[in-house]
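Everything below concerns the one structure shown next.
The values are calculated or read from the model by the stated rules, or taken from the named source; none is laboratory data. Bear in mind that the values here come from a model prediction, so they are computed numbers and not experimental data. Here Cβ is always computed from backbone atoms with ideal geometry, including for glycine, and neighbour counts include all displayed protein chains.
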Amino acid sequence: MQATIILGAGKERSPMNHHPWIFASAVVGYEGKITSGSTVTVKSDSGRFIGRAAYSPMSQIRARIWSWDENEPIDHAFFKRKIAIALAHRKKWVVQTSAIRLIFGEADGLPGLIVDQYNQTLVCQFLSAGVEFWKEAIVQILEDQTACHCIYERSDAAVREREGLSLASGVLKGELTDTELIVQENQIQYLIDPTKGHKTGFYIDQRDNRLEVAKLSSGLRVLNMFCYTGGFSLAALQGGASEVISVDSSGDALAIASRQLALNHLDPSKAKWVDEDAFDLLKKYREGGEQFDMIILDPPKFAPSAQHLLRAKKAYKEINRSAMQMLRPNGLLLTFSCSGAMDLELFDQTVFLAAQEAATHKKDPKLGFRVLKRLTSGLDHPKLSSFPEGNYLKGLMLERI
Ligand code: SAH
């Protein structure tokens, strides 16, 4: 018989509304033998069936729901169906690229699983005990359904430790013939190192926003902060920017970034790569009176969890305020937060507060901004209405007025 976990009174509300996470504090009883990653039945305190979930003994997220259907077993066929649905969605909605997120965890009904495709290579992250348990089956299904030459694992993210899983990376299927892949996205070629790059190698989630930058940057002086391998920088240069200054504290990322210019026949004299701390540099530029027509702020996750929010808010505010003070009239700020713990409302609040402070610091009451657009990740990062945490990438495009 399948093991069961029993929720405390009232704790069934959130999972019944299809939020897939069951927190440890919601569980009051356990029945049967439960092992890490195995499937458990979730019941309310009155014995009502809530769902079938993967059990995570170490994590505060004690279980993640696979299915709310009592008649749906969690077996090989279940994963085959889920993966087929995820692939069909990308086929229908995502074009103009050979770098696609094929599976985006909770949003595809597979909590903890990330699969990115770069040409004929898949790079996967197994970030929860549940997908770790089913890894072999998942890899086999991915091989069957995508016909990719190589499946590579990058389960070296710190969240694995919270699941009681060790870090792992390496080839799972086939052979990685080249550690440097060239992908094409909206007429631009990018170099990706799936073995050492951040996440699975590339920030696929910014695709639509890179295209936005390319469309807007003709003739502009652009500052790209936290540029990583220069995704936005290449887009701006291709869009006709007159100068692009790109800043990151990772020398390795910058080395990849600059090599992509020749690949795309872009003029290296228009591109400047700066290996420096973003906070120091923003201060230096601001005090030096630098001015830009477009500034992009895409910092790392300042708030990895809710307890970091206060400090994170300060950091977001500081960089936004500095950037706003350096924008020329009609200049554009594209500002992002990828902290899942920071919701849309708090992000807006923080950016708008930065705008107020920019005006007071500059002693310029006329300094104002208008929101032109909300920015988010592409359609290969679907967002569930029942799972706000999945909407982690939030952005605003502001114009100085
Ligand atoms: N905009 C990038 C992704 C940015 S990820 C893209 O579209 O590809 C965040 C980046 O910030 C990483 O490359 C990291 O090296 C860099 N970073 C983190 N802290 C930093 C700091 N204090 N100063 C400068 N760069 C920093």
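Figure legend. Inter-residue proximity from region 193-206: first residues over 15 Å from THR97 (Cα atoms), second residues of a type in the set (Asp, Glu) and within 9 Å of the ligand (Cβ to nearest atom), beta-carbon distance below 8 Å, spacing 6+ or different chains. Indicated pairs: LYS196/ASP252.
The residue that is nearest to ALA214 (Cα to Cα), among those in region 238-250 that are buried (at least 20 other Cβ atoms within 10 Å of the Cβ) and within 14 Å of the ligand (Cβ to nearest atom), is VAL244. Applying a threshold of 6 Å to beta carbon distances and a minimum spacing of six or more residues, or different chains, the list of pairs starting in region 297-316 at a residue that is hydroxyl-bearing (Ser, Thr, Tyr) and ending at one that is at pLDDT below 95 and more than 13 Å from the ligand (Cβ to nearest atom) reads SER305/ALA341. Is region 143-163 home to any residue that is outside any loop (DSSP other than H, G, I, E, B), in contact with a His (Cβ under 8 Å, 6 or more places away or on another chain) and either within 18 Å of GLN260 (Cβ to Cβ) or away from the ligand (no atom under 16 Å from the Cβ) (or both)? Checking region 143-163: not a single residue is outside any loop (DSSP other than H, G, I, E, B), in contact with a His (Cβ under 8 Å, 6 or more places away or on another chain) and either within 18 Å of GLN260 (Cβ to Cβ) or away from the ligand (no atom under 16 Å from the Cβ) (or both).
Taken together, VAL27, VAL95, VAL42 contain a single residue that is more than 20 Å from SER386 (Cα to Cα) and either in contact (Cβ under 8 Å) with a residue 60 or more places away in the chain or in contact with a strand residue (DSSP E or B) (Cβ under 7 Å, 6 or more places away or on another chain) (or both), which is VAL27. Name every residue in region 307-321 that is within 19 Å of the chain's Cα centre (by Cα) and farther than 15 Å from LYS283 by Cα, in order of residue number. Result: HIS308, LEU309, ALA312, LYS313. If you filter region 177-212 down to residues that are within 10 Å of the ligand (Cβ to nearest atom) and not in a loop (DSSP other than H, G, I, E, B), you find that the one that is nearest to the chain's Cα centre (by Cα) is ASP205. Scanning region 275-308 for residues that are more than 9 Å from the ligand (Cβ to nearest atom) and surrounded by fewer than 17 Cβ atoms within 10 Å (Cβ to Cβ) returns LYS283, LYS284, GLU287, GLY288, GLY289, GLU290, GLN291, PRO304, SER305, ALA306, GLN307, HIS308. Within region 28-47, can one find any residue that is on the phi < 0 side of the Ramachandran plot, of a type in the set (D, E, K, R), surrounded by fewer than 17 Cβ atoms within 10 Å (Cβ to Cβ) and in a strand (DSSP E or B)? Scanning region 28-47 turns up at least one residue that is on the phi < 0 side of the Ramachandran plot, of a type in the set (D, E, K, R), surrounded by fewer than 17 Cβ atoms within 10 Å (Cβ to Cβ) and in a strand (DSSP E or B).
Taking the conditions exactly as written (modelled with pLDDT under 95 and not small (Gly, Ala, Ser)), does THR146 satisfy them or not? No: the conditions fail for THR146.
Right, PHE232: assigned to a helix (DSSP H, G or I) and either buried (at least 22 other Cβ atoms within 10 Å of the Cβ) or of a type in the set (A, V, I, L, M) (or both) or not? Yes, satisfied. Listed residues LEU261, LEU266; which is part of a helix (DSSP H, G or I), free of Cβ contacts under 8 Å to residues at least 40 places away in the same chain and more than 15 Å from the ligand (Cβ to nearest atom)? Going through LEU261, LEU266 in turn, the sole match is LEU261.
Condition first: free of Cβ contacts under 8 Å to residues at least 24 places away in the same chain, more than 23 Å from SER377 (Cβ to Cβ) and among the aliphatic types (A, V, I, L, M). Can you find one or more residues in region 103-120 that meet it? No: region 103-120 contains no residue that is free of Cβ contacts under 8 Å to residues at least 24 places away in the same chain, more than 23 Å from SER377 (Cβ to Cβ) and among the aliphatic types (A, V, I, L, M).
Which of the residues spanning region 100-127 are more than 14 Å from the chain's Cα centre (by Cα) and of a type in the set (Gly, Ala, Ser)? Result: GLY109, single match. Scanning region 320-377 for residues that are of a type in the set (Lys, Arg) and in contact (Cβ under 8 Å) with a residue 12 or more places away in the chain gives ARG321, ARG328, LYS362, ARG370, LYS373, ARG374. From GLY130, GLY105, grab the single residue that is on the phi > 0 side of the Ramachandran plot, touching a Ser or Thr at 6+ places or on another chain (Cβ under 9 Å) and modelled with pLDDT of 95 or more. Step by step, each of GLY130, GLY105 is checked, and only GLY105 is on the phi > 0 side of the Ramachandran plot, touching a Ser or Thr at 6+ places or on another chain (Cβ under 9 Å) and modelled with pLDDT of 95 or more.
Being more than 7 Å from the ligand (Cβ to nearest atom) and in the same structural domain as GLU290 (by TED's automatic domain parsing): is that true of ALA253 here? No; evaluated as a whole, the condition is false for this residue.
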